[in-house]
1. Using the basic label-point model (7 angstrom from Cα toward the beta carbon), what is the Gln113 to Leu327 distance in nanometres?
2. Hey, for a label at His298 modelled as a point 7 Å past Cα toward Cβ, could you say which residues of region 255-273 have their backbone N under 20 Å away?
3. Across region 274-291, in residue order, what do the Karplus-derived ³J(HN,Hα) couplings come to in whole Hz, using 6.51 cos²θ - 1.76 cosθ + 1.60 with θ = phi - 60° and x for Gly and Pro?
4. With θ taken as phi - 60° and the coefficients 6.51, -1.76 and 1.60, list the Karplus ³J(HN,Hα) couplings across region 231-244 in order, rounded to whole Hz; mark glycine and proline as x.
5. Please tell me which of these pairs span more than 20 angstrom C-alpha to C-alpha: Lys230/Lys348; Lys76/Lys121; Lys264/Lys349; Lys341/Lys403; Lys349/Lys390; Lys349/Lys417?
6. Using the C-alpha atoms of region 212-360, what convex hull volume per residue, in cubic angstrom, is computed?
7. Give me Rg/Rg_expected for region 149-251, where Rg uses Cα atoms only and Rg_expected = 2.2 N^0.38 Å with N residues.
8. Between Thr408 and Val240, what FRET efficiency comes out of the Förster formula 1/(1 + (r/R0)^6) with R0 = 56 Å and r the beta carbon distance, rounded to 0.05?
Amino acid sequence: MAEAEEDCHSDTVRADEDDEENESPAETDLQAQLQMFRAQWMFELAPGVSSSNLENRPCRATRSSLQKTAADTKGKQEQAKEEKARELFLKAVEEEQNGALYEAIKFYRRAMQLVPDIEFKITYTRSPDGDGVGNSYIEDNDDDSKMADLLSYFQQQLTFQESVLKLCQPELESSQTHISVLPMEVLMYIFRWVVSSDLDLRSLEQLSLVCRGFYICARDPEIWRLACLKVWGRSCIKLVPYTSWREMFLERPRVRFDGVYISKTTYIRQGEQSLDGFYRAWHQVEYYRYIRFFPDGHVMMLTTPEEPQSIVPRLRTRNTRTDAILLGHYRLSQDTDNQTKVFAVITKKKEEKPLDYKYRYFRRVPVQEADQSFHVGLQLCSSGHQRFNKLIWIHHSCHITYKSTGETAVSAFEIDKMYTPLFFARVRSYTAFSERPL
């Protein structure tokens, strides 16, 4: 009986050992899962990390990649659209130059439908070769460094043939002598005749639009230096603070020579009473003041009721026969407050009276001879889009010097509303002819 119980107990122990051996892989897997759960749990307990972030992280990564791909695709589409609009715009320009206006309008419309501001995204200029419309356009983003200094860019484009500098080339073959054959010295002398003694720098700028060579000649520092010396004299020996003589001439305040400064004054004057005493007349008075400056320092001034249409042509030269005209000299003065003022001394034009021999034997009452001059002070300023086109009165006086005693009597006029500002009016006929070179 005891032996039977021992055998049964031994069989139970073996069965338990066999069960433990069979369950050991399952327990090992469960422990591994438990370790993973603990690690994930500890990671979620860390600050700034949550299970929602862990779940959304793959979604966000996918979403950002999709957005980046969409942005790249959109950028490529915009670039392709701009390229297509540029091609249509250049095609329209070519059609317009060929005279096909209707076709040009059609291409312009298609280009602006794609990119409304396509005309501001490209700029065009003549290419050195001169053939091909598409080649004559230069994009802003590619050639900004070249166009920053146009003078240097044109100088690099000059061609050398037979060791002689060629400023320009004839567009068409001709049996006649082209202007490019002339030496540089002769061309510069022609340009000085264009500027002339009247300092017509406006014509020089228009001449620079002909070709690259003329542009280089028009930017010659010597021409602009002579122009500055003629305007300001010895006061412009130093170039500082300007970078070039051309910049000084364009930016520094000066009076203009290619026209005349004009002012119009209007007021009401009371007339005399009628004979019957029932009414008194009133008169509207209008008169003009004209001031013309010359580069050599001379100035003319005229006060008259005649309108500019009849007076302006007479003021072209100083040898005018207009009565009551005042001639004199002027100078520019710049104060510490950076205000440029013009001071002039003008006198009436002297007329030689013929001797009257009829009364040469009669004794005449001696008349005290005197010289009369007017001193004028004006402030130079700009108004609107034009520069140096306005003169404001600051002083006006009359000086009478008696020759017998040498005394001078000064009468200053009050600057009131009767002294209206003078505004500049350009006159083309003043610079239509050149009498002397610069």
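1. The two pseudo-label positions are separated by 7.0 nm.
2. Residues passing the 20 Å test: 255-262.
3. Working through the residues one at a time gives 5, 5, 7, x, 7, 8, 10, 7, 10, 10, 9, 9, 10, 8, 10, 10, 10, 10 Hz.
4. Values per residue, Gly and Pro as x: 7, 10, x, 6, 6, 10, 5, 8, 7, 5, x, 8, 8, 8 Hz.
5. Numbers: Lys230/Lys348 26 Å; Lys76/Lys121 17 Å; Lys264/Lys349 23 Å; Lys341/Lys403 31 Å; Lys349/Lys390 26 Å; Lys349/Lys417 28 Å.
With Cα atoms farther than 20 Å apart: Lys230/Lys348; Lys264/Lys349; Lys341/Lys403; Lys349/Lys390; Lys349/Lys417.
6. Working: hull volume 37.7 nm³, N = 149.
Value for region 212-360: 253 Å³ per residue.
7. On the way: Rg = 15.2 Å, N = 103, 2.2 N^0.38 = 12.8 Å.
Dividing the Cα Rg of region 149-251 by 2.2 N^0.38 Å gives 1.19.
8. Numbers: r = 40 Å, r/R0 = 0.72.
After rounding to 0.05, the efficiency reads 0.90.
Laboratory data are not the source of any read-out in this text; all were calculated from the coordinates shown. Owing to the predicted nature of the structure, the values given are computational and were not obtained by experimental measurement. Glycine gets a Cβ as well: all are built from the backbone with ideal geometry, and neighbour counts include every protein chain shown.
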